[in-house]
1. Which condition breaks for Ser58 when tested against (1) among the hydroxyl-bearing types (Ser, Thr, Tyr); (2) open to solvent by 70 Å² or more (accessible area, probe 1.4 Å); (3) over 15 Å from Pro134 (Cβ atoms)?
2. Within the range 122-160, how many residues turn out to be open to solvent by 30 Å² or more (accessible area, probe 1.4 Å) and of a type in the set (Phe, Trp, Tyr)?
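The values are calculated or read from the model by the stated rules, or taken from the named source; none is laboratory data. What you are looking at is a predicted structure, and each value in this text was computed from that prediction instead of being measured. Heads up, the Cβs are rebuilt from the backbone with ideal geometry, glycines too, and the neighbour counts pull from every protein chain shown. Calculation scope for accessible area: heavy atoms of the full protein, side chains included, ligands and nucleic acids excluded. Shrake-Rupley method; radii C 1.70, N 1.55, O 1.52, S 1.80 Å.
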Amino acid sequence: SSLELQQADDELLSLLDVFAEYQQLQEAANGGLKRGYFDLAVAKRTAGYRWISPDMYSGRARAIATVAVDEASGTITYTRRTPSATNNADKSEQSGGLRKRGAKPKTVNNDEKNENETRKVSDDPLLWFGMLVPPALKDAQTQFTTTLDQLMRLADLKQQLAHKLDALNITLA
């Protein structure tokens, strides 16, 4: 019985440690969201409310980060999209090799032009708002990216708390 109480105490201390980390991270994430929204408001004010709005979003926008929750197993998968392979291929073609001088320029049909145009589209959503993006908008992007990482860690800690609480309940039962 003394061994069971010691095990229950150890599980409770472990649970409280995870809970303390959860609370600290939750406060940090809340602060990050506040700073991100404030930076976004500052960027809207400096650039103009019509300039930074949903009307400026690209129609070809894709999510930079995705979250998948498997309810059966309770696992959370967080993936961050990397720059597209076509953009990397373009960079490698431009950077290496010798140029042929005096070669005839090759004719390009419309299909190839459209393909090249889609390759030049950047993955950075800040470029939707032009080349001279307000620094506050860059700060907002950084804040939201950092906070997203913190929120994913919070989801992981919440699962750990649930598992530790279940184990504690089993031990005490």
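1. (2)
2. 2
Listed here are the residues, each with its yes/no results for (1) touching a residue at least 12 places away in the same chain (Cβ under 8 Å); (2) part of a helix (DSSP H, G or I); (3) open to solvent by less than 90 Å² (accessible area, probe 1.4 Å); (4) aromatic (Phe, Trp, Tyr).
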position	(1), (2), (3), (4)
Asp9	no, yes, yes, no
Phe19	yes, yes, no, yes
Ala29	yes, yes, yes, no
Leu40	yes, yes, yes, no
Tyr49	no, no, no, yes
Ala63	yes, no, yes, no
Thr66	yes, no, yes, no
